[in-house]
Amino acid sequence: MSSLIRSNMRTVMWHIFGDKYLKRNQNKRLHKLVEYAKKNSPAYAELYKDLPKNFKLEDLPMVTKPVLMENFNKLSNNLTEQYLGKYLINKTSGSTGHPLTMLHDKEFYTDLALVSNATFGGIKNVPAVMILAADIRGIVQVSTLNTVNDFKFFLNNKYFLIDQMQAMPKLVDKLNEIKPKQIYIQPSTLAVLATKQVEGALKINPKIILTGGEDLSDKIRDFAEKTFKCKVRSIYGCTELGGIAMECDNKRHHIVNNNIIFELVDENNNPVKPGEYSARVLYTNLSDHCLPLIRYEVTDNVRLIEGKCPCGNKSPCIELLGREPAKTVVLSNGKNKIELPPFNFWLLWECESNVMRAQFIVHGFDTIEVRIDFMPGIDPKTEFAKIEGKLRNFLDNNGLENVKYYLSDEQTIIDPVSHKYKYLYQLNN
């Protein structure tokens with residue numbers, strides 16, 4: 001039985017038989033996932049060697065990002081086969097101080113895409129675009145393109161990947177050519193495109209816009225909905241787990257609980273009461289067998305919203321605290337101020353294997369301080385030359401030939417408020 005049919009059947013059965021069926025099904029899938037992990041992963045075999053046969057969820061030890069990184073090869077499924085065409089490979093931004101490369105198998109993205117399409121009432125037989133790092137060199141680009149192409153057969157949509165690193169005029173021209181009715185995009189990029197629509201350069205009429213990768217602020221949502229005259233909805237998730245919760249018309253995020261078990265816990269890993277914010281969340285992804293995530297720690301502050309949602313979706317609603325809303329970065333060419341999506345700066349360095357992480361600090365509107373944490377034994381000037389070329393090209397393509405930048409001797413910093421790493425700061429002094 002295909003993953004598509006299984007996912008459809010689970011959804012139908014849940015709607016017919018309710019939460020009791022859901023919990024039984026989740027428990028059955030959890031036990032299968034644990035057995036699979038023990039059989040195929042040396043690290044999980046060691047972790048679960050004393051686990052009783054009829055274990056409960058809370059009997060399983062939690063897994064953190066540093067542990068995942070340290071035991072990557074031991075935790076992953078048999079990866080002797082070629083990555084390309086089999087796994088989708090993504091990289092986290094390292095906001096917690098620990099950048100991580102993740103692997104996902106086809107079943108994971110089948111479930112995720114199916115649920116996303118059903119949740120948002122996907123519009124059939126119309127152009128849809130994903131505006132992301134579609135032109136990243138190497139393994140990410142090829143596997144992402146393969147994955148999107150694989151989904152066309154059941155999503156029944158015309159999907160296009162658009163590289164958000166290209167010059168904004170080219171991005172605008174491409175959208176005008178495709179005339180998409182569905183758009184998946186980061187909020188900060190959406191803010192820039194909404195401005196282009198107001199100015200008249202962009203001329204599209206989407207039916208729905210889905211955002212992810214950053215927090216969708218009310219300001220950007222209201223601006224985009226007024227400009228494009230369509231719904232703008234957000235997806236809460238992370239690179240490791242994909243989409244965790246989908247936003248409904250009441251602006252509530254519903255957990256994708258066909259595929260995810262979530263535990264809201266305090267500092268001591270004890271469950272918090274409904275309505276109280278957690279210190280962290282432990283997520284178990286029931287769909288992905290490539291690199292199993294079982295009680296995986298995500299350091300987000302989340303609370304469960306009590307009561308039924310007016311939208312009719314029975315999945316639990318959550319509210320997230322502490323993520324900074326997306327903002328555009330503003331640079332000046334001496335005559336005009338130009339808005340750019342912050343995520344583009346992360347894309348300048350994330351494929352460089354000798355860079356642990358980089359940070360761009362914008363002083364005023366025309367000077368960029370670049371801070372880089374290099375791998376040990378690396379010559380900073382040689383490695384910076386690779387990033388410098390991409391940075392210069394990116395600025396020039398957006399009409400910012402006058403903007404200066406320099407490599408700082410300072411190390412990257414952790415934000416004192418959120419205690420997370422940010423790859424971009426703008427200091428308008």
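Let's see how each residue does on (1) touching a residue at least 40 places away in the same chain (Cβ under 8 Å); (2) in a helix (DSSP H, G or I):
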{"residue": "VAL330", "(1), (2)": "yes, no"}
{"residue": "GLU339", "(1), (2)": "yes, no"}
{"residue": "TRP346", "(1), (2)": "yes, yes"}
{"residue": "GLN359", "(1), (2)": "yes, no"}
{"residue": "VAL370", "(1), (2)": "no, no"}
{"residue": "PHE384", "(1), (2)": "no, yes"}
{"residue": "ARG392", "(1), (2)": "no, yes"}
{"residue": "LEU400", "(1), (2)": "yes, no"}
{"residue": "GLN411", "(1), (2)": "yes, no"}
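Of everything in the range 32-43 that's in contact (Cβ under 8 Å) with a residue 12 or more places away in the chain and under 27 Å from SER315 (Cβ atoms), which residue is most open to solvent (accessible area, probe 1.4 Å)? Filtering the range 32-43 for residues that are in contact (Cβ under 8 Å) with a residue 12 or more places away in the chain and under 27 Å from SER315 (Cβ atoms), the one most open to solvent (accessible area, probe 1.4 Å) comes out as TYR36.
Being within 30 Å of LEU193 (Cβ to Cβ), touching a residue at least 60 places away in the same chain (Cβ under 8 Å) and under 21 Å from the mean Cα position of the chain (by Cα) holds for only one residue in GLU319, GLU263, GLU247, and it is GLU319. With respect to SER315, determine if the residue is of a type in the set (S, T, N, Q) and over 30 Å from VAL370 (Cβ atoms). Taking the combined requirement at face value, the residue satisfies it. A residue that is open to solvent by less than 10 Å² (accessible area, probe 1.4 Å) and within 25 Å of HIS31 (Cβ to Cβ) occurs nowhere in the range 270-277. Would you confirm whether or not the range 350-360 contains a residue that is crowded, with 21+ Cβ neighbours inside 10 Å, modelled with pLDDT of 85 or more and touching a Leu at 6+ places or on another chain (Cβ under 6 Å)? Within the range 350-360, one or more residues are crowded, with 21+ Cβ neighbours inside 10 Å, modelled with pLDDT of 85 or more and touching a Leu at 6+ places or on another chain (Cβ under 6 Å). The criterion of being among the hydroxyl-bearing types (Ser, Thr, Tyr) and out of contact with any Leu (no Cβ under 9 Å at 6 or more places or on another chain) holds for SER315. Checked against the criterion of being part of a helix (DSSP H, G or I), hydrophobic (A, V, I, L, M, F, W, C) and modelled with pLDDT under 90, the candidates VAL142, VAL198 yield just one match: VAL142. Listed conditions (1) surrounded by fewer than 21 Cβ atoms within 10 Å (Cβ to Cβ); (2) within 17 Å of the chain's Cα centre (by Cα); (3) more than 30 Å from TYR36 (Cβ to Cβ) are all met by LYS226, apart from (2). Yes or no: the range 236-245 includes at least one residue that is more than 25 Å from MET62 (Cβ to Cβ) and touching a strand residue (DSSP E or B) at 6+ places or on another chain (Cβ under 8 Å). There is no residue in the range 236-245 that is more than 25 Å from MET62 (Cβ to Cβ) and touching a strand residue (DSSP E or B) at 6+ places or on another chain (Cβ under 8 Å). Taking the condition of being farther than 18 Å from GLU352 by Cβ, modelled with pLDDT of 90 or more and surrounded by 14 or more Cβ atoms within 10 Å (Cβ to Cβ), how many residues in the range 403-429 meet it? Of the residues in that region, 1 qualify. For the range 238-260, a tally of residues being open to solvent by 20 Å² or more (accessible area, probe 1.4 Å) and either within 20 Å of THR64 (Cβ to Cβ) or not in a strand (DSSP E or B) (or both) returns 6. One residue stands out in the range 278-287 among those that are assigned to a loop (DSSP other than H, G, I, E, B) and of a type outside the set (Ser, Thr, Tyr): the one that is least open to solvent (accessible area, probe 1.4 Å), namely LEU286.
Before we move on, is LYS335 in a loop (DSSP other than H, G, I, E, B), open to solvent by 40 Å² or more (accessible area, probe 1.4 Å) and touching a residue at least 60 places away in the same chain (Cβ under 8 Å)? For LYS335, the condition - in a loop (DSSP other than H, G, I, E, B), open to solvent by 40 Å² or more (accessible area, probe 1.4 Å) and touching a residue at least 60 places away in the same chain (Cβ under 8 Å) - is not met.
The values are calculated or read from the model by the stated rules, or taken from the named source; none is laboratory data. These numbers come from a predicted model, not from an experiment. Backbone-built Cβ (ideal geometry, glycine too); neighbour counts: all protein chains shown. Heads up: the accessible areas ignore ligands, DNA and RNA and are worked out on the full protein's heavy atoms, side chains in. Shrake-Rupley method; radii C 1.70, N 1.55, O 1.52, S 1.80 Å.
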